[in-house]
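Each reported figure results from applying straightforward, stated rules to the coordinates on display, with no laboratory input. Since the structure is predicted, the reported quantities are computational estimates derived from the model, not experimental observations. Quick reminder, even Gly has a Cβ in these numbers, built from the backbone with ideal geometry, and neighbours come from all protein chains shown.
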Amino acid sequence: MSGVVRDRGGLLTGGLVLSLVPVLYLHVVSADELNPVTDVISDYVFVRNGTKWLAVASLSLAAVSGLLGWRLRHVPGPARWLIAGWTVGLAVATVFPTDPTGEPTTLSGHVHRYAAGVMFVCLPAAGLLIARQFPALRTVAVTAGVSSVAFLVSHVSFEGFTVRGLAERLLFVALYVLLFAIAGLHRRTT
């Protein structure tokens, strides 16, 4: 079995780690403003300097994801296209910010939500396709898929029970693990 990506010098892995730093920073400095169980990550645009930090995190993750997709070898073409969909969805969701909770949905808010929907479907689907060739990714890809469905279901309101933020954070953990796993695949030398 030939590998998918050669991550010479850890460029992809390092880029993934660096893309996490701004989001972790926002979680720390905004702990008294946003609830990670109920508020989604996109809501960090409403805290001081949140737009900048979130844009750095999202666009750097999109850049690393684009590079990862470009460097994929020997995987089904649809998997590469799905990673491109994730990348573009992430960039579009960054450019078109969400609306404050409880406010009417603007055009930007609609674009943000649809772009997020695209990205949260595309990356788990790409992982599942890649896992057909690399079974070691199967558990991570399935976890990402289940987490994506859980996040989408969390948008259904149950009186007094809102866990959208927690569901999204669990989804992002699963997506990052999937990206790290894909980036960690190396070509086997024969």
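Treat each spin label as a single point 7 Å out from the Cα along the C-beta direction, and report the VAL142 to VAL111 distance in nm.
Rounded to a tenth, the inter-label distance reads 3.9 nm.
Give me GLU33, GLU103 ranked fewest to most by other Cβ atoms within 10 Å of their Cβ, as a rough exposure proxy.
With the fewest neighbours first, GLU33, GLU103 line up as GLU103, GLU33.
List the relative contact order of the chain as a percent without decimals, with contacts defined as Cα pairs under 8 Å and 6+ residues apart. Write down the numbers at each step before the final one.
Values: 260 pairs, mean separation 58.2, N = 190.
In percent, rounded to a whole number, it is 31.
Counting each DSSP H run of 4 or more residues in the chain as -39500 (n - 2.57), what helix-only mean residue ellipticity at 222 nm follows after dividing by all residues, to the nearest 500 deg cm²/dmol? Don't jump to the answer; show the numbers that get you there.
Working: 6 runs with 124 residues, N = 190.
That comes out to -22500 deg cm²/dmol.
Quick check: the angle from helix 11-29's long axis to the longest principal axis of the chain, C-alpha only, nearest 10 degrees?
Taking the Cα atoms of the chain, the angle to 11-29 is about 20 degrees.
Pulled fully out, how much extra length does the chain show between VAL28 and PHE180, if you take 0.36 nm times their separation in residues and subtract their Cα-Cα distance? Please list the in-between numbers first.
Numbers: separation 152, 0.36 × 152 = 54.72 nm, distance 2.34 nm.
Extending this stretch completely gives an extra 52.4 nm.
What angle, in degrees between 0 and 90 and rounded to the nearest 10, separates the Cα long axis of helix 164-184 from the longest principal axis of the Cα atoms of the chain?
Once rounded, one gets 20 degrees.
Which Rg and Dmax, in Å, describe the Cα atoms of the chain?
16.7, 59
Working from Cα positions, state the angle (0 to 90°, nearest 10) between the long axis of helix 77-95 and the longest principal axis of the chain.
30
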